[in-house]
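The values are calculated or read from the model by the stated rules, or taken from the named source; none is laboratory data. Given the structure is predicted, the values throughout are model-derived calculations rather than measurements. The accessibility values were calculated without ligands, DNA or RNA, using every heavy atom of the protein model including side chains. Shrake-Rupley method; radii C 1.70, N 1.55, O 1.52, S 1.80 Å.
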Amino acid sequence: MTQELALDAVIRHRIRGLRLARGWSLDALAARCYLSPSTLSRIETGHRRIALDQLVPIAKALDTTLDQLVESGEEEDVVIRPEPDHMRGMTTWLLSSERTLHGVTVAKMRITAERPTGADQMGVHPGREWFTVLSGTARLQLGERTILVEAGHAAEFSTMVPHSIGAHDGTVEILTIFDRDGERAHLHAGEERS
């Protein structure tokens, strides 16, 4: 019973938090989920029992899923312990879990001069890629252009343009975000070439 009450409080807090994050009043959310503002207020404050037939339209109005709204986060380990993955001239640490929303992968990469470069190393895949340089200078080969990206700067580009990232004058460390296509192309490319 105590666990149910704790989860009930978490659900109420999530509803209120998501509503406030969107800048919506009780009236605004109530109109979107076809409940009265007083009913929604009593749900948020714990003065009304939450019913499944109320949660479904609330979740939809808040642009989330019922599963996300009611999931228990108590047992989840929130610490990610990245293991280095070594390929020639590049070490990668995955900084996101497998359950990340929308299939986005965050990774830290250390790239050295030993990483193969050249036109045959450039990849093309659907989507966009983003990275920021933590230290050193990255050499972004984007089609025919070579762009140097220094520490503290970031780059974002269409991955439909042939591209590769290398180190310029020493080791570079970057933080990068990939969608599913980018993860397959960059993090598993060595597996496919083997």
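Computed from backbone phi, the HN-Hα couplings of region 159-169 come to 8, 7, 8, x, 8, 7, 10, x, 9, 10, 6 Hz, rounded to whole numbers (Karplus: 6.51 cos²θ - 1.76 cosθ + 1.60, θ = phi - 60°; Gly and Pro given as x). What the phi angles of region 116-132 give under the Karplus curve with 6.51, -1.76 and 1.60, with θ = phi - 60°, is a coupling list of x, 10, x, 4, 6, 9, 7, x, 9, 7, x, x, 10, 10, 9, 8, 10 Hz, glycine and proline written as x. The phi torsions of region 65-72, fed into the Karplus equation with coefficients 6.51, -1.76 and 1.60 and a -60° offset, translate into couplings of 9, 4, 4, 5, 5, 9, 5, 8 Hz, rounded to whole numbers, with Gly and Pro shown as x.
Short-range pairs are left out: with C-alpha atoms under 8 Å and at least six residues apart, the relative contact order of region 129-179 is 52 percent. Can you send over the carbon and sulfur percentage of the accessible area for region 13-165, probe radius 1.4 Å, protein chains only? Within region 13-165, the accessible surface is 52 percent carbon and sulfur.
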